[in-house]
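S.K.: Got a structure for you, written out below as structure tokens; questions coming shortly.
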Amino acid sequence: MRPIRLLAPAAVGAAALALSACATTPYTGPVEVTRFVAPDPAGLGAGPLVVYFPDEVSNAVARTAMKTAVERELAALGYSIVAQEGPGIQVAAVRTSRTGIAAIEDGRGPVSVGVGGQTGSFGSGLGMGVGINLGGGRESPSVLTDLSVRITRADGETLWEGRSQIATGVKSPYSQIDASARTLAAGLFKDFPGGNGETVTINVKKLQGN
């Protein structure tokens, strides 16, 4: 029977480094936010407001997570969340989607947002970019999750509109619906209402705890 040979400490360390090099770090991009503010945003950030989805969201879990996250942020700003529209009640229209990065790279153009008489009137040509910066051994981003909210007065006049998005890899904890909803909503309403036509990127670590 051959004697068992023990690896020297240096060899053990080298083996550990080799294994760690093979591990893939989950990819989490920053939250990218673009916002527009009406010239006369009287009443913005206060009073009763109802949150609704103008488009069908087939994923009930995603719909609930996004609605909860948006309502939480709006309530923290000073709004009183109500269940139905009515006189003097502002409306927050929420849209959300998740798209594969491959589909974007294949030619899906950016979606612009704006406030006023026509889409993009406050920011024509300002599209949302994808802030992807990969280092060695990092997981590739696989999906782009976005959240957009438009706040209007009861008469339909738009007061504010914004959109936030985040690119994540499959292994990122921010790919989970609840985490992405909280993070996107927190980024969207950070420093509300923000500058008209501005686009900012926010590290997710700065949004933890929101």
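The values are calculated or read from the model by the stated rules, or taken from the named source; none is laboratory data. Note that the structure is a prediction, hence the values are computed from the model and not measured. Heads up, the Cβs are rebuilt from the backbone with ideal geometry, glycines too, and the neighbour counts pull from every protein chain shown.
S.K.: Kindly check whether there is at least one residue in region 75-94 that is outside any helix (DSSP H, G or I), modelled with pLDDT of 90 or more and in contact with an Asp or Glu (Cβ under 7 Å, 6 or more places away or on another chain).
M.R.: yes
S.K.: Right, something else. Of the residues L44, L49, only one is assigned to a loop (DSSP other than H, G, I, E, B) and touching a Phe, Trp or Tyr at 6+ places or on another chain (Cβ under 9 Å); which?
M.R.: Result: L44 is the single residue among L44, L49 that is assigned to a loop (DSSP other than H, G, I, E, B) and touching a Phe, Trp or Tyr at 6+ places or on another chain (Cβ under 9 Å).
S.K.: Taking strands (runs of 3 or more DSSP E) that fall entirely within region 135-210, which contain at least 3 residues that are hydrophobic (A, V, I, L, M, F, W, C)? It would help to see each step written out before you state the result.
M.R.: Working: elements: 143-152, 158-168, 199-202.
In region 135-210, 143-152, 158-168 are the strands (runs of 3 or more DSSP E) which contain 3 or more residues that are hydrophobic (A, V, I, L, M, F, W, C).
S.K.: To continue, here is another question. Out of all the residues in region 167-210, which are surrounded by fewer than 17 Cβ atoms within 10 Å (Cβ to Cβ), touching a helix residue (DSSP H, G or I) at 6+ places or on another chain (Cβ under 7 Å) and among the polar types (S, T, N, Q)?
M.R.: N210
S.K.: Among the residues of region 151-194, count how many are over 15 Å from the mean Cα position of the chain (by Cα) and of a type in the set (K, R).
M.R.: So the count comes out to 2.
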